[in-house]
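Encoded as structure tokens, here's the structure I'll be asking about.
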Amino acid sequence: MERAGSTLRPVTLRLDERDEARLAGDEGPAVRTAIRVVTRLATAMGADRLLDVTGAHIDSCLYHGQAVLDFADHLADAGARVAVPTTLNVSSLDLLHPELDRGDPVESRQSRRLMERFEEMGCRPTWTCAPYQLETRPSFGEQVAWAESNAIVFANSVLGARTHRYGDFADICCAIIGRAPAAGLHLDENRRATVVVRLQGVSAELIGRDVLYPVLGGLIGRLVGRGVPVIDGLPPGVSEDRLKALGAASASTGTVGMFHMVGSTPEASTLVDALHGREPDEEVAVTAADLRAARDRLSTTTDDRLRTVSLGTPHYSITEIGRLVELLGDGRVADEVAFYVSTGRDIYHEVELRGWADRLADAGVTVVTDTCTYFTPIIEDLGGTAMTDSAKWAYYAPGNLGVEVVFGSVEDCVASAMTGRVVRDESIWADA
């Protein structure tokens, strides 16, 4: 829609000659289905045209029920093939470690069939929620159609690529035609920061710790809703892993599809750049007390009898797994604690090459690939307290699994796993 004074008028979606031919069925029924979905989405988004995309990342490969498989069957049976390089999000199975599956055998078969159908359509069997950790990833300014909330926010914010928030079915349809609506975060005007977030009275020690970033992201998601935040005042050059954690949390607790961080993300070399030279719609101060409260909201219990630790949501990078190996040292997880770390199969291959897979196994750590423990039935004891360093896992696991969660840093998680009881370093959360 366009606004003229106080009057709204509809935007006309104009299609090029090839798109019109596709709608007419000239390229077959699968392409016709895909472009019908994309054009209807474009109309709903107020787009006046479609644009070319150079890649896609698909979330529809995660089994949520029969309807998902039915749609994949419909496309694949009609001969659908992706038109651009396309990666696949996590599935509902760990194909490298099938013995971990504790789910219903019928659903497991359906999940595997769904995975096979997307491979038949030409998608790469990457099975990771962190496609930005693959060797090939989008460049600055590149238009793509990505699904999976943390992948979307990372692509827009950290890579400077351009994608809107695509969900199931729309993602694979964009991939089949290589087109997406020219709307949302694909466009310059919608990437402008609208909310300035500044930290006040937060200690240098906490700013220097990984745990700040998922907590800050979880708070930002609640504060800004659909806005585009810019974080000002942090040291420049924040690592990709920390930006990943912030983005994943903000996309889970809110609907953030993009954020800026002055001095760390490519469209925010200065605050003025992030704001596109305009005044913000809102400014927010975040204090140490706000962060403590945000951290506490990520826990659902005070019971310190630990049964499970789950790391790697989003999938851990090779750097994060290296840090885990370092923290474990020569130690071992307590016998009563089940410890999981999730990662992509590409990263796991590197873990094996470095000899870390054996070390993790010796320490009592189970590596999970291709999926994530907050929705796939892998965890053995859902009745005890679970601990995580992921704001996203902490946000979703109680509802998805019915598990009680305590959030802490990776250092807290490892120390707790070794003692069998929840321990957390409270000193870093004090005021500056």
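What figure in square angstrom, to the nearest 10, would you give for the accessible area of VAL106 with a 1.4 Å probe?
Only protein atoms counted, so the area is about 80 Å².
Something else now. Okay, which of the range 365-394 sit inside 20 Å, backbone N to the point 7 Å along the Cα-Cβ direction of THR319?
The answer is 389-392.
Would you calculate a helix-derived [θ] at 222 nm for the chain, using -39,500 (n - 2.57) for each DSSP H run of n ≥ 4 and dividing by the full residue count, to the nearest 500?
Details: 16 runs with 159 residues, N = 432.
For the chain, the value works out to -11000 deg cm²/dmol.
If you average the C-alpha positions of the range 318-382 and of the range 92-113 separately, how far apart do those two centres end up, in angstrom?
Comparing the Cα centres of the range 318-382 and the range 92-113, I get a distance of 19 Å.
So what does log10 I(q)/I(0) come out to for the range 158-282 at q = 0.19, 0.21 Å⁻¹, using the Debye formula with one equal point on every Cα and no solvent?
Results for the range 158-282 at q = 0.19, 0.21 Å⁻¹ read -1.06, -1.25.
A further question follows. Tell me the carbon and sulfur percent of the accessible area for the chain, rounded to whole percent, probe radius 1.4 Å. Intermediate values should be presented prior to the final figure.
On the way: 8250 of 17460 Å².
Accessible surface attributable to carbon and sulfur in the chain totals 47 percent.
I need the phi-derived Karplus couplings for the range 172-186: 6.51 cos²θ - 1.76 cosθ + 1.60, θ = phi - 60°, integer Hz, Gly and Pro marked x.
Working through the residues one at a time gives 5, 5, 4, 5, 5, 9, x, 9, 8, x, 7, 7, x, 6, 6 Hz.
Note down the nm distance, to one decimal, between modelled labels 7 Å out along Cα→Cβ at GLU116 and at ARG226.
Modelled inter-label distance: 4.1 nm.
How would HIS64, HIS164, HIS57 line up by accessible area, probe 1.4 Å, largest first? All intermediate terms of the calculation are to be shown ahead of the outcome.
Working: HIS64 125, HIS164 50, HIS57 0 Å².
Largest to smallest exposure gives the sequence HIS64, HIS164, HIS57.
How would you rank 308-315, 73-80, highest first, on the average number of other Cβ atoms within 10 Å across their residues? Don't skip to the answer; put the middle values down first.
Numbers: 308-315: 27.8, 73-80: 16.8.
Order by mean packing, descending: 308-315, 73-80.
May I pose another question? Ranked from highest to lowest mean number of other Cβ atoms within 10 Å per residue, what is the order of the peptides 380-391, 212-223?
212-223, 380-391
Could I ask something else about it? If DNA, RNA and ligands are ignored and the probe is 1.4 Å, what is the ranking of MET258, MET418 by accessible area, most exposed first?
Accessible-area ranking of MET258, MET418, largest first: MET418, MET258.
Once R0 is set to 35 Å, what does the formula 1/(1 + (r/R0)^6) return for the Cβ-Cβ distance between ASP296 and THR12, expressed as a FRET efficiency to the nearest 0.05?
E between ASP296 and THR12, to the nearest 0.05, is 0.10.
What number comes out for accessible area per residue over the chain if the probe is 1.4 Å? Units Å², please.
Per-residue value: 40 Å².
Separation of the range 9-59 and the range 400-422 by C-alpha centroid, Å?
46 Å
For GLY184, what is the net charge nearby, where nearby means another residue's Cβ is under 11 Å from its Cβ and Lys, Arg count +1, Asp, Glu -1?
Net charge around GLY184: +3.
Further question on the same structure: Nearest 5 is fine: what % of DSSP beta bridges in the chain come out antiparallel, could you say?
DSSP beta bridges in the chain are roughly 20 percent antiparallel.
Once the Cα gyration tensor of the chain is diagonalised, what are the square roots of 5 times its eigenvalues, in whole Å and ordered largest first, as equivalent ellipsoid semi-axes?
Three semi-axes, in Å: 36, 29, 17.
First check a/c for the range 70-137, with a ≥ b ≥ c the square roots of the eigenvalues of its C-alpha gyration tensor; if it is under 1.5, answer rounded, and if not, answer prolate when a/b is larger than b/c or oblate otherwise.
oblate
Right, next: Sorting GLU350, GLU205, GLU17 by accessible area (1.4 Å probe), largest first, what list results?
The most accessible residue leads, giving GLU17, GLU205, GLU350.
Once a ≥ b ≥ c are taken as the square roots of the eigenvalues of the Cα gyration tensor of the range 15-90, is the result rounded (a/c under 1.5), prolate (a/b larger than b/c) or oblate (a/b not larger than b/c)?
prolate
Which whole-number percent gives the relative contact order of the chain, counting Cα pairs below 8 Å spaced six or more residues apart?
Relative contact order here is 16 percent.
Also: Taking θ = phi - 60°, what integer Hz values does the Karplus form 6.51 cos²θ - 1.76 cosθ + 1.60 yield along the range 414-423, in sequence order, with x for Gly and Pro?
Computed from phi, the couplings for the range 414-423 are 5, 4, 5, 4, 6, 8, x, 9, 5, 10 Hz.
The values are calculated or read from the model by the stated rules, or taken from the named source; none is laboratory data. Everything numeric in this text was worked out from a predicted model, so none of it was measured. FYI the Cβ positions are ideal-geometry reconstructions off the backbone, even for glycines, and counts take in every protein chain you see. Accessible surface areas use protein heavy atoms only, side chains included; no ligands, DNA or RNA. Shrake-Rupley method; radii C 1.70, N 1.55, O 1.52, S 1.80 Å.
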